[in-house]
1. Return 158, 117 ranked ascending by Cβ neighbour count within 10 Å, so the fewest neighbours appear first.
2. Where does each of 79, 39 land when they are ranked from fewest to most other beta-carbon atoms within 10 angstrom?
3. Starting from the Cα-Cα distance between residue 123 and residue 27, subtract it from 0.36 nm times their residue separation and give me the gain in nm to one decimal.
4. Please give the FRET efficiency for residue 88 paired with residue 141, using the beta carbon to beta carbon distance and R0 = 45 Å, rounded to the nearest 0.05.
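Read-outs throughout are calculated quantities, based only on the coordinates presented, and are distinct from any laboratory measurement. Quantities reported herein were computed from a predicted structural model and do not represent experimental measurements. FYI the Cβ positions are ideal-geometry reconstructions off the backbone, even for glycines, and counts take in every protein chain you see.
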């Protein structure tokens, strides 16, 4: 029974390891067991000219075997976003809840890393929030980045919202 479980776990781990994201721009090894920090470029699909870089922890096979939690990575993440040129804001959700622009699984089933965008009307800025979503207990681990639109060449495809600085 135990060899069957180990074989199933090893197969699942290999499948997870084989999934590489084409947006990965770097990876930094952090210890001798093979744990690393992955860095991905995430483009906002509705805001051209803004790119976010998200960093998150990837556990190694050795660490997974030592810890016994084989199918899950930690919720820790960091995000930084910047305008990389002229900005074109498309059809974005202007509500206080904003909208999710990126999602990546961090466990076999129950946990994912999310990036949400919220528009701050009062400060004419885009807020990007990286956070984990878990089925149980949630996660208070989050990271925040703000791209101010003041002083940036911005085009609003649906017209600038009330209160936004006109360019």
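1. Going from least to most buried by this count: 158, 117.
2. Details: 79 21, 39 17.
In increasing order of surrounding Cβ atoms, one gets 39, 79.
3. Working: separation 96, 0.36 × 96 = 34.56 nm, distance 3.41 nm.
Between residue 123 and residue 27, full extension yields 31.1 nm more.
4. Working: r = 32 Å, r/R0 = 0.71.
The formula returns an efficiency of 0.90 here.
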